[in-house]
1. For Leu170 and Asp141, calculate 0.36 nm times their separation in residues minus their Cα-Cα distance, and state this gained length in nm to one decimal.
2. What pairs from Lys180/Lys204; Lys160/Lys180; Lys456/Lys539 go past 23 Å between their alpha carbons?
3. Please name whichever of Leu399, Gln370, Pro417 sits farthest to the positive end of the charge dipole of region 368-551, dipole taken about the Cα centre and charges placed at Cβ: Lys and Arg +1, Asp and Glu -1.
4. Put a dot 7 Å past each Cα toward the Cβ at Arg97 and Arg532; how far apart are the dots in nm?
5. Name the residue from Phe499, Gly81, Met296 whose Cα lies farthest towards the positive end of the charge dipole of the chain, charges +1 on Cβ of Lys and Arg and -1 on Cβ of Asp and Glu.
6. Among Ala445, Val242, Val218, flag the residue with its Cα farthest along the positive direction of the charge dipole of the chain, charges on Cβ as +1 for Lys/Arg and -1 for Asp/Glu.
7. Among rounded, prolate and oblate, which fits region 368-551 when a ≥ b ≥ c are the square roots of the eigenvalues of its C-alpha gyration tensor, a/c under 1.5 means rounded, and a/b larger than b/c means prolate?
8. With +1 on each Lys and Arg Cβ and -1 on each Asp and Glu Cβ, and nothing else charged, work out how big the dipole of region 362-461 is about its Cα centre, in Debye to the nearest 20.
Amino acid sequence: MPLDDEGAEKATISPGSPGSGVGGAESRWAFREDGPWEVRLEDLTWSGELGSIRAGQQARVPQWVAPRRWPPLRRFALAVGRIGWALLMWRLREGRRPGELSRRGLSRRLRQAFEALGPAYIKLGQIISSGRGLFPEELVDEFKKCRDQVPEFAFSAVRKKVEAEFGRPLEEIFSEFDPKPLAAASIAQVHAARLMTGEEVVVKVQRPEVARRVAEDVAAMAWIAPRLVGRIPVAALANPPVLVEVFAETVAEELDFRLEAENMLDIAGVLFEAGQGAVIVPRPHPKWVTPGVLVMERLDGFSYDDVAGMREAGIDTESVFHAMMIAFLEGAMIYGVFHGDFHGGNLFVMEDGRVALLDYGMTGRLDDHQRSAFLRIMMSGAVNDMRGQLAAFRDLGALDPGVDLDELMELLGVNEPIRDPTKMTGEEIAFQIQTVLKGLLGEGARLPKPLMLYAKNMLFFDGAVAELAPDLDMFAEFVRIYGHFAQHHGAAIAEQIGFDPSQTHVDLAGLKASLGVSAEVETMTHRELQERRKVVQEKLEGEVDSLAELATGGFKPSE
């Protein structure tokens, strides 16, 4: 297990606590052993009043998403114009002939339009880039460029921002500062530098005018979101107004890098307390952190998608995937704090096989009730207790409080014979999807805030396993993860939800049924799962009429 500098301190984050910030008692963080500086609470010049700062950032959100008669017309018109132009040019050129080249052309033009529109749309592109297996391959590959290959802003603007935030010339702080960014993303770009005291660092610098543009874009999204409910069933399930509100809340905190520095310490504390030595966090600098500039230690390693390089270096990429998944699940279900923006641009793998997790602007924080619901969803699913799992979803807010769970189980066909979707016709698949969606919406199904962040990260992990461990047995990995929680957190889970995982065995029947395979199937690699998805997708693509009906089925918005 990696240890940080001797004598370092951190906030105490106990199991079940949603993060205590930087005001806790002595302890340690999951930092690299030989870091460039020690992190001590008394040295953090930027840590004062972080609670009120976080509350102040969140106070912006109601203003951004408040109902209004008209959207911000300039930004709204610009978004419609750019995306509409991209679709028109694709239709006139690549779209004239269907096929792979057409899909690539559409993906490229949409990505360019999103990048031109700025931070909010780039964030959406990053979400798409994490959805391999759920979105078309061409779209995922193209939107991967939104992770860290966004057009950079000029070094003159970088210098101006740094000097304004620190109140002194750049050369008084840094002996070296590379004007070419290491990466450029939605909110900021990062530069390699060396402090006058000799430490190699990374400097994260916020984009000019980003706060104003985000506010305008969120206001435009908030205006259109309610108009999607009742028109597209999937949009109703996702609850677009709440989705926009969640997006606004997370982006609001990303606009102050002092809060990101606090998030770094909270996640590092959780990782250390959990004994998760395979994932580490870069140290924020004790002094050089402001709302718009964040200096942190520099870590090096393999790019997330450089699988060949990792394997040549002897790194077990399956173990890399497992470490990331465990770190995420432990944070959400045991500690109530988790990194909320997993994607390939936010991590890399060090030469010793440990994962360096970056970019803590979007961090999920759960209260005890939400965390308990997540725990029960996982544990009930592991023992094939469908009713208990649905009850946990209800308690999380995904279903109406008065829902009849037995009727819902019947609607979902829990007790019916398993049907393999790869052996069904496209019409049958479309009808089954439509029936389930109608039934769920009739029971008030929605995707609440914590579940949205969780689902966003699970999109990434679905793509990550395809990259890092395509031949991983999904059934065996499920059992392995359950075993980890039983071994390391069994007593805490039993105390919190009355379920002792160390005294029960995994029942994979429910997982297999959700995939449409019989109980006799003993293994299922992710590669095989992808092949099954491809078959189902091809069947659905042949049912244009059914899908059109699914998208415009006349659903009425819920009260």
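Throughout, read-outs are computed from the coordinates displayed, never taken from laboratory work. In this text the structure is predicted, and so the values were computed from the model without any measurement. All Cβ positions, even for glycine, are placed from backbone atoms using ideal geometry, and neighbour counts span all protein chains on display.
1. 6.7 nm
2. Violating the 23 Å limit, Cα to Cα: Lys456/Lys539.
3. Among Leu399, Gln370, Pro417, the one farthest towards the positive end of the dipole of region 368-551 is Gln370.
4. 3.7 nm
5. Gly81
6. Val218
7. oblate
8. Numbers: 11 positive and 14 negative charges, 112 e Å.
Result for region 362-461 is approximately 540 debye, rounded to the nearest 20.
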